[in-house]
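> Let me begin by handing over the structure; questions about it come next.
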Amino acid sequence: MTSLISLLNNAVIFGTVILYGAIGEIITEKSGNLNLGVPGIMYLGGIAGLATAFYYEMLAANPVGIVSLLLSFIAAFLAAALGGLIYSFLTITLRANQNVTGLTLTIFGAGLANLYGGSLNKLAGGVGQISVSLTSRTYRAYFSGLANLGVPGKLLFSYGFMAYLAIIIALVASWLLNRTRVGLNLRAVGEDPATADAAGINVTKYKYLATCIGAGISGLGGLYYCMDYIKGTWTTDSTIEALGWLAVALVIFATWKPARAIWSAYLFGVLYWAYNYISGLTRASIELFKMLPYVVTIVVLIVVSMRHSKESQPPESLGQSYFREER
């Protein structure tokens, strides 16, 4: 039972990282923009939040955890949203190829974050990883009283606030997309921008807002990784990039539904970490276990393609630039 609880706890923490990335990308893709720069955006969010917390803890005479949390949270969202704005300008205004722009943003975000992370290491003394322990502890604070209430407590109340915030954002996004006029307009833009434009919907505004807000949410996944997953440090082992691609896969697995992405993210976590709880595995077997989330995504793609269900398909204009003069 202890091993099972540990696996589920790790799955939730792991799943929360990619859940943020997936929610942001779902919102972006609902507007018709295919942003493959999710890993780079998560890098931008992670390094911006970490750097802000680092400078605050270093310069403040008596740093306060909640203040550092708020500053790093806002910095992470804004830096990631800026990445989304760059992508939007290139693909919406200049009509650059969305696939190439997204991949370029991934390379740019990873390079910038690792360069700046290395600089922070030197600024911290050049030995080991930087640490923002005060901020990290604030992010990882949980309901200790409730967490001690047996198995249910350990499963439900052993996480920092961002694990619950991800669920709230997913549910709110689902409600907005399916129950509000704004969501209806956004989905119309993603399905057929020409028709939406003819109906009086500002296609450019919706695409910009969806992409920038979606990028900001995805960036919170990088922040959560730095502050909670690896406890307030920086690493250059490309893990954020791998998690970013898992977030993109999760969008497909969840069939572009934010609410479905919640349990799908935790399932990915279980599949990814299951090897730690199975004895006798070889190195090759461990790598095969890490491939499972991608394998099940491929299976879902095949099943969805065979069913021809409109509700499970991506937006009709996904990845296509909109040329108003050709309407």
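The values are calculated or read from the model by the stated rules, or taken from the named source; none is laboratory data. Note that the structure is predicted; figures quoted are calculated from it, not measured. Neighbour counts run over all protein chains shown; Cβ positions are idealised from the backbone, glycine included. The area values use the complete protein model at the heavy-atom level, side chains included, leaving out ligands, DNA and RNA. Shrake-Rupley method; radii C 1.70, N 1.55, O 1.52, S 1.80 Å.
> Within the set of pairs 6+ apart or on separate chains, which have a first residue in region 184-199 that is in contact (Cβ under 8 Å) with a residue 12 or more places away in the chain, a second that is of a type in the set (Phe, Trp, Tyr) and part of a helix (DSSP H, G or I), and C-beta atoms under 8 Å apart?
Close Cβ pairs (under 8 Å, with a partner that is of a type in the set (Phe, Trp, Tyr) and part of a helix (DSSP H, G or I)) amount to Asn185/Tyr206; Leu186/Tyr206; Val189/Tyr206.
> Further, regarding this structure: Among (1) crowded, with 17+ Cβ neighbours inside 10 Å; (2) over 21 Å from Gln320 (Cβ atoms), which single condition is Gly214 missing?
(2)
> A follow-up question, please. Out of curiosity, is Pro258 open to solvent by 10 Å² or more (accessible area, probe 1.4 Å) and within 27 Å of Asn99 (Cβ to Cβ)?
Details: open to solvent by 10 Å² or more (accessible area, probe 1.4 Å): no; within 27 Å of Asn99 (Cβ to Cβ): yes.
The answer is no for Pro258.
> Sticking with this structure for a sec: Does at least one position in region 240-259 carry a residue that is of a type outside the set (Lys, Arg), over 21 Å from Met162 (Cα atoms) and touching a Lys or Arg at 6+ places or on another chain (Cβ under 8 Å)?
Filtering region 240-259 down to residues of a type outside the set (Lys, Arg) leaves 240-256, 258-259.
Restricting the remaining residues to those that are over 21 Å from Met162 (Cα atoms) gives 249, 252-253, 255-256.
Next, from what is left, pick out any that are touching a Lys or Arg at 6+ places or on another chain (Cβ under 8 Å): 256.
Scanning region 240-259, I find at least one residue that is of a type outside the set (Lys, Arg), over 21 Å from Met162 (Cα atoms) and touching a Lys or Arg at 6+ places or on another chain (Cβ under 8 Å), so the answer is yes.
> Against the definition (more than 24 Å from Leu4 (Cβ to Cβ) and not in a loop (DSSP other than H, G, I, E, B)), how does Val295 come out, yes or no? Write out each step before concluding.
Details: more than 24 Å from Leu4 (Cβ to Cβ): no; not in a loop (DSSP other than H, G, I, E, B): yes.
It is false that Val295 is more than 24 Å from Leu4 (Cβ to Cβ) and not in a loop (DSSP other than H, G, I, E, B).
> Could you tell me whether Lys290 is under 27 Å from Asn99 (Cα atoms) and surrounded by 14 or more Cβ atoms within 10 Å (Cβ to Cβ)? Don't jump to the end; show me each part of the working.
On the way: under 27 Å from Asn99 (Cα atoms): yes; surrounded by 14 or more Cβ atoms within 10 Å (Cβ to Cβ): yes.
For Lys290, the condition - under 27 Å from Asn99 (Cα atoms) and surrounded by 14 or more Cβ atoms within 10 Å (Cβ to Cβ) - is met.
> Might you let me know whether region 52-67 holds any residue that is in contact with a Phe, Trp or Tyr (Cβ under 8 Å, 6 or more places away or on another chain) and open to solvent by less than 20 Å² (accessible area, probe 1.4 Å)? Spell out the reasoning first.
Residues of region 52-67 in contact with a Phe, Trp or Tyr (Cβ under 8 Å, 6 or more places away or on another chain): 63, 67.
Next, from what is left, pick out any that are open to solvent by less than 20 Å² (accessible area, probe 1.4 Å): none.
No; the residues of region 52-67 include none that is in contact with a Phe, Trp or Tyr (Cβ under 8 Å, 6 or more places away or on another chain) and open to solvent by less than 20 Å² (accessible area, probe 1.4 Å).
> State the number of residues belonging to region 107-117 that are open to solvent by less than 30 Å² (accessible area, probe 1.4 Å) and either more than 17 Å from Gly216 (Cβ to Cβ) or touching a strand residue (DSSP E or B) at 6+ places or on another chain (Cβ under 9 Å) (or both).
Step one: of region 107-117, the residues open to solvent by less than 30 Å² (accessible area, probe 1.4 Å) are 109-110, 113, 117.
Adding the requirement that they be either more than 17 Å from Gly216 (Cβ to Cβ) or touching a strand residue (DSSP E or B) at 6+ places or on another chain (Cβ under 9 Å) (or both) leaves 110, 117.
Total satisfying the criteria: 2.
> Go through region 28-47 residue by residue and tally those that are part of a helix (DSSP H, G or I) and either out of contact with any Leu (no Cβ under 8 Å at 6 or more places or on another chain) or farther than 30 Å from Ile66 by Cβ (or both).
Residues of region 28-47 that are part of a helix (DSSP H, G or I), as a first pass: 28-30, 38-47.
Restricting the remaining residues to those that are either out of contact with any Leu (no Cβ under 8 Å at 6 or more places or on another chain) or farther than 30 Å from Ile66 by Cβ (or both) gives 28-30, 38.
The number of residues fulfilling the criteria is 4.
> Within region 1-46, count every residue that is closer than 14 Å to Tyr229 by Cα, among the β-branched types (Val, Ile, Thr) and surrounded by 24 or more Cβ atoms within 10 Å (Cβ to Cβ).
The total comes to 3.
> For the condition free of Cβ contacts under 8 Å to residues at least 40 places away in the same chain and of a type in the set (A, V, I, L, M), what is the one hit in Ile107, Ile86? Please lay out each step first, then the result.
Details: Ile107 fails: free of Cβ contacts under 8 Å to residues at least 40 places away in the same chain.
The conditions single out Ile86.
> Among what's in region 124-171 and is at pLDDT 75 or above and either in contact with a strand residue (DSSP E or B) (Cβ under 9 Å, 6 or more places away or on another chain) or farther than 21 Å from Tyr229 by Cα (or both), pick the residue that is surrounded by the most Cβ atoms within 10 Å (Cβ to Cβ).
Result: Leu171.
> If you don't mind, another one. Would you check which residues across region 217-248 are farther than 19 Å from Ala48 by Cα and open to solvent by less than 10 Å² (accessible area, probe 1.4 Å) and list them?
Correct list: Leu246, Ala247.
> A further question on this structure: So for region 48-65 (the condition being touching a helix residue (DSSP H, G or I) at 6+ places or on another chain (Cβ under 7 Å), of a type in the set (Val, Ile, Thr), assigned to a helix (DSSP H, G or I) and in contact (Cβ under 8 Å) with a residue 60 or more places away in the chain), does at least one residue qualify?
Narrowing region 48-65 to residues touching a helix residue (DSSP H, G or I) at 6+ places or on another chain (Cβ under 7 Å): 48-54, 56-57, 63, 65.
From what is left, the residues that are of a type in the set (Val, Ile, Thr) are 52.
Pick out the ones that are also assigned to a helix (DSSP H, G or I) and you get 52.
Applying the additional criterion that residues be in contact (Cβ under 8 Å) with a residue 60 or more places away in the chain yields none.
The answer is no; no qualifying residue exists.
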